[in-house]
Amino acid sequence: MNATADAQRRGTASKDRTLHSTGRVVSGAVGLAAFAVAVITGLAAHAPAPVVIVRAIVALMFGAVLGRLVGEALAHIAREFTSSYRESHPIPESEGTEREIMRQIGHNGGQA
């Protein structure tokens, strides 16, 4: 059993943290894209293989760092937006049957 599953079983897992955070996913995607672009351009320029690999690894590292920063910024923006949206659009608490609730919100069930 891994640590995440164990934390979830105990109920101590954070709600904000998922198994794959947005920053880590974007970091991996940008890093791999930078690596691929460096390899393709190096091979297209007929550069020696060791030079292509070293440049691709450097591009991978810089791409991963840049992707992590961008991914974390995007995740922060998304969290702020969803929390402000939830605060400004609360779900009304209502008791009753589904038909009564639909009548309260003005839905006529497709009837004229």
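Summary of values
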item	result
Hey, V65 more than 17 Å from S21 (Cβ to Cβ), part of a helix (DSSP H, G or I) and either at pLDDT 95 or above or in contact with a Cys (Cβ under 7 Å, 6 or more places away or on another chain) (or both) or not	no
Cβ pairs under 9 Å, 6+ apart, first in segment 34-52 and under 21 Å from R68 (Cα atoms) and surrounded by 14 or more Cβ atoms within 10 Å (Cβ to Cβ), second of a type in the set (S, T, Y) and at pLDDT 95 or above	none
Residues of segment 42-62 satisfying the condition of being within 24 Å of the chain's Cα centre (by Cα) and assigned to a loop (DSSP other than H, G, I, E, B)	none
Qualifying residues in segment 21-33 (those that are of a type in the set (V, I, T) and surrounded by fewer than 20 Cβ atoms within 10 Å (Cβ to Cβ)) - the one modelled with the lowest pLDDT	T22
Residue satisfying all of: in segment 64-105; loosely packed, with under 13 Cβ neighbours inside 10 Å and hydrophobic (A, V, I, L, M, F, W, C); farthest from the chain's Cα centre (by Cα) among these	I105
Checklist (1) closer than 21 Å to G23 by Cα; (2) in contact with a helix residue (DSSP H, G or I) (Cβ under 6 Å, 6 or more places away or on another chain) applied to G42, failing item	(1)
Which listed residue, of E93, E100, is over 22 Å from T22 (Cα atoms) and part of a helix (DSSP H, G or I)	E100
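The values are calculated or read from the model by the stated rules, or taken from the named source; none is laboratory data. Bear in mind that the values here come from a model prediction, so they are computed numbers and not experimental data. Positions of Cβ are backbone-derived with ideal geometry, glycine not excepted, and every protein chain shown enters the neighbour counts.
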